[in-house]
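What follows is one structure encoded as structure tokens, with my remarks underneath.
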């Protein structure tokens with residue numbers, strides 16, 4: 001019997017009308033590091049084990065649907081909320097075992113920020 005191959009999630013890509021505004025949000029506000037840029041085409045942001053690619057709408061010849069959500073994980077959610085600004089939160093669960101917040105990026109995509117398990 002052949003062993004089943006299980007893929008690992010390594011990245012996500014979103015399409016944006018205003019690439020610079022998206023970069024300012026993900027890099028400047030959320031704090032992801034810019035790994036690669038191609039002017040007016042895409043910006044690749046990196047984290048420890050994965051990446052998020054922000055791409056200008058219309059430059060790809062095989063675009064995806066508009067629905068997308070990105071999931072981020074932080075060790076200290078309360079400290080991160082202070083860092084990005086509590087006014088950005090559109091939904092949250094800050095008690096119990098699973099703690100998370102949702103913010104919207106510059107074009108309204110959901111960004112779910114989870115607190116890492118202790």
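The values are calculated or read from the model by the stated rules, or taken from the named source; none is laboratory data. Predicted, not measured: the structure shown is a model, and the values here were computed from it. All Cβ positions, even for glycine, are placed from backbone atoms using ideal geometry, and neighbour counts span all protein chains on display.
Does the stretch 8-21 contain at least one residue that is within 30 Å of residue 118 (Cβ to Cβ), modelled with pLDDT of 90 or more, assigned to a strand (DSSP E or B) and touching a helix residue (DSSP H, G or I) at 6+ places or on another chain (Cβ under 8 Å)? No - not one qualifying residue is present in the stretch 8-21. Restricted to the stretch 24-118, the set of strands (runs of 3 or more DSSP E) holding at least 2 residues that are under 17 Å from the mean Cα position of the chain (by Cα) and in contact (Cβ under 8 Å) with a residue 40 or more places away in the chain comprises 51-56, 69-74, 110-115.
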